[in-house]
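Here's the structure we're looking at; comments come further down.
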Amino acid sequence: MVYPIVFFPQPVLETQAKTVEEFDTLELQALVDDMFESMYAAKGVGLAAPQIGISKRIAVVDLSVGEDAAQRIVLINPEISSKSGTQISEEGCLSIPGFREQVTRPNKVTVRAQDAKGEWFETSGEELLARALLHETDHLHGRLYISHVSSLKRDLIRRKVRKLIKAGEWK
Ligand code: NI
């Protein structure tokens, strides 16, 4: 099932999501499957549950956008366990469509997370994968990428979004 994407400034996007405590259930597996389906439908490389209106610490990442099953990553209750280096690149978000900003991020990260069965694992990434892991983990703490840009740029985005909402061009 494809869920509609929740757009900024819906409060669920800036709310700390709840830790998942029940694993290995049909419901959890179905939600993870639906998150991949919803992410592919939106042509994204990452999706966090709050972006479909579900305030739980679950995110999916697939840099191949469905082309390569080996690149699917399911992150439940993820935390960044180490980070190093710096990268500066453009970043966007399915919940803030039409906007992109330069965001400075660590170049390499390791994430500790649980899978759908509740098993803890660690995964590492560099460059774009590091950016995706950080962006999605941020989402689950209620942090959007625009919290990493200057307040001037953030206010400009807020103003533009307000205009789009008024014009009925933002869902
Ligand atoms: Ni996002």
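Do any trypsin sites (Lys or Arg not before Pro) in the range 1-102 lie in a DSSP loop with no more than 13 other beta carbon atoms within 10 Å, and if so, which? Walk me through the numbers on the way to the answer.
On the way: sites: Lys18, Lys43, Lys56, Arg57, Arg72, Lys83, Arg100; in loops: Lys43, Arg57, Arg72, Arg100.
When the trypsin sites (Lys or Arg not before Pro) of the range 1-102 are filtered for loop state and at most 13 Cβ neighbours within 10 Å, Lys43, Arg100 remain.
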*Picking from Leu156, Leu13, Leu94, which is most flexible by a Gaussian network model of the chain using Cα springs under 10 Å?*
Leu156
*Taking H placed 1.01 Å from N in the peptide plane, check which residues at least 5 places from Gly53 or on another chain put their amide H under 5 Å from its amide H.*
Val6
*Quantify how much of the Cα-Cα distance distribution of the range 11-166 extends past 25 Å, in percent.*
26 percent
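Roughly how many percent of the accessible protein surface of the range 11-166 is carbon and sulfur, given a 1.4 Å probe and a whole-percent answer?
Reported share for carbon and sulfur atoms: 49 percent.
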_Rounded accessible area per residue of the chain, 1.4 Å, Å²_ = 53 Å²
*So how far, in whole Å, is the C-alpha centre of the range 33-57 from the one of the range 105-156?*
14 Å
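Nearest 5 percent is fine: what portion of the DSSP beta bridges confined to the range 14-141 is antiparallel?
95 percent
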*Given H placed on each backbone N at 1.01 Å, which residues far from Lys18 in sequence or on other chains put an amide H within less than 5 Å of it?*
Lys56, Arg57
*Between exposed GluC sites (Glu not before Pro) in the chain, where DSSP calls loop and at most 15 other Cβ atoms lie within 10 Å, what's the longest gap?*
68-118
*asked:* If I take every Cα pair under 8 Å that is 6 or more residues apart in the chain, average their sequence separation and divide by the length, what percent do I get for the relative contact order?
replied: 24 percent
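The values are calculated or read from the model by the stated rules, or taken from the named source; none is laboratory data. Quantities reported herein were computed from a predicted structural model and do not represent experimental measurements. Note that we place each Cβ from the backbone using ideal geometry, even for glycine, and neighbour counts take in every protein chain shown. What goes into the accessible areas is simple: the full protein's heavy atoms, side chains included, and nothing from ligands, DNA or RNA. Shrake-Rupley method; radii C 1.70, N 1.55, O 1.52, S 1.80 Å.
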